[in-house]
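Participant: Mind having a look at this structure? Questions to follow.
The values are calculated or read from the model by the stated rules, or taken from the named source; none is laboratory data. Only a predicted model underlies this, so the values are computations on that prediction, with no experimental measurement involved. With ideal geometry, Cβ positions are generated from the backbone for all residues, glycine too; neighbour counts draw on all protein chains shown. When the accessible area is computed, the model is the full protein with side chains, heavy atoms only, and any ligands, DNA or RNA have been set aside. Shrake-Rupley method; radii C 1.70, N 1.55, O 1.52, S 1.80 Å.
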Amino acid sequence: MTAVNATATLAQAGKFLSFRLGADEYGVEILKVQEIVGGSGISRTPRDSGPVRGTVDLRGRSIPVVDMRSCLHLPRSPESEKNCIIVADVVRAGRNIPVGLLVDEVCEVLSITEDEIDLPPAGGGGLEEIDFINGMGRLDDRDVDLVDVQHLLAYDDLSTIDSMTN
């Protein structure tokens, strides 16, 4: 196993909202999740680039949407009625902002104990370059890659989010 990036920390035990991207399952800390909305209605903007797919209107507020498939170097999938946007609360530029995470489908809320969390895998799984995966939840019947949303949004290729929320 490899060491976790110095700016990321190993995931802590707790509750995680699990979601799918293709056949793989991921989890995000439930305390970061504000709500889940349908995956349709994303408006493209002239500033869209890389993983930023556009914005979604949430009760009159424009929320930037990040394509999680793009962040994980996966091909863009066709739109489906199962697509969802997980609205997560993150600190960006010194303030709390909501950011939408476009996923293939939302699964369930999982309780993962400290004993069930390992370091992210080293090599082989394609995650060795993805340092915002801050743990692997090892459950009886499956593995869940745990995503550090705050660290994910620190990447330079997501800098357009700052201009979208000002």
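Participant: Condition first: under 16 Å from the mean Cα position of the chain (by Cα), at pLDDT below 90 and within 18 Å of GLU105 (Cα to Cα). Now tell me which residues in segment 35-51 satisfy that.
Facilitator: Residues satisfying the conditions are GLY39, PRO51.
Participant: Here is a further query. Across segment 5-20, what is the total count of residues that are of a type in the set (A, V, I, L, M, F, W, C) and at pLDDT 95 or above?
Facilitator: 3
Participant: Please state which of the following conditions ARG44 fails to meet, knowing it meets all the rest: (1) open to solvent by 30 Å² or more (accessible area, probe 1.4 Å); (2) under 28 Å from ASP140 (Cα atoms).
Facilitator: (2) is the only condition that ARG44 fails.
Participant: Name the pairs: first residue in segment 103-115 and open to solvent by 40 Å² or more (accessible area, probe 1.4 Å), second residue part of a helix (DSSP H, G or I) and modelled with pLDDT of 95 or more, Cβ to Cβ under 9 Å, at least 6 apart or on different chains?
Facilitator: Short answer, once both residue conditions are applied: VAL109/ILE30.
Participant: Would segment 118-139 turn up any residue that is modelled with pLDDT of 90 or more, under 30 Å from ILE42 (Cα atoms) and touching a Lys or Arg at 6+ places or on another chain (Cβ under 9 Å)?
Facilitator: No, segment 118-139 has no match at all.
Participant: Looking at ILE86, ILE161, can you tell me which residue is at pLDDT below 85 and either under 17 Å from the mean Cα position of the chain (by Cα) or part of a strand (DSSP E or B) (or both)?
Facilitator: Details: ILE86 fails: at pLDDT below 85.
Of ILE86, ILE161, the one residue that is at pLDDT below 85 and either under 17 Å from the mean Cα position of the chain (by Cα) or part of a strand (DSSP E or B) (or both) is ILE161.
Participant: While we're looking at this one, here's another question. Identify the residue in segment 89-110 that is part of a loop (DSSP other than H, G, I, E, B) and out of contact with any Asp or Glu (no Cβ under 9 Å at 6 or more places or on another chain) and, among all such residues, is modelled with the lowest pLDDT.
Facilitator: Step by step, filter segment 89-110, then rank; the result is GLY94.
Participant: Looking at (1) open to solvent by 60 Å² or more (accessible area, probe 1.4 Å); (2) in a strand (DSSP E or B); (3) among the hydroxyl-bearing types (Ser, Thr, Tyr), which one does TYR26 not meet, given that it meets all the others?
Facilitator: (1)
Participant: Next up: In segment 60-75, is there at least one residue being part of a loop (DSSP other than H, G, I, E, B), over 29 Å from ARG138 (Cα atoms) and open to solvent by 40 Å² or more (accessible area, probe 1.4 Å)?
Facilitator: Yes - at least one qualifying residue is present in segment 60-75.
Participant: Kindly provide the set of residues from segment 52-72 that are under 15 Å from the mean Cα position of the chain (by Cα) and of a type in the set (Asp, Glu), ordered by number.
Facilitator: Within segment 52-72, just ASP67 meets the criteria.
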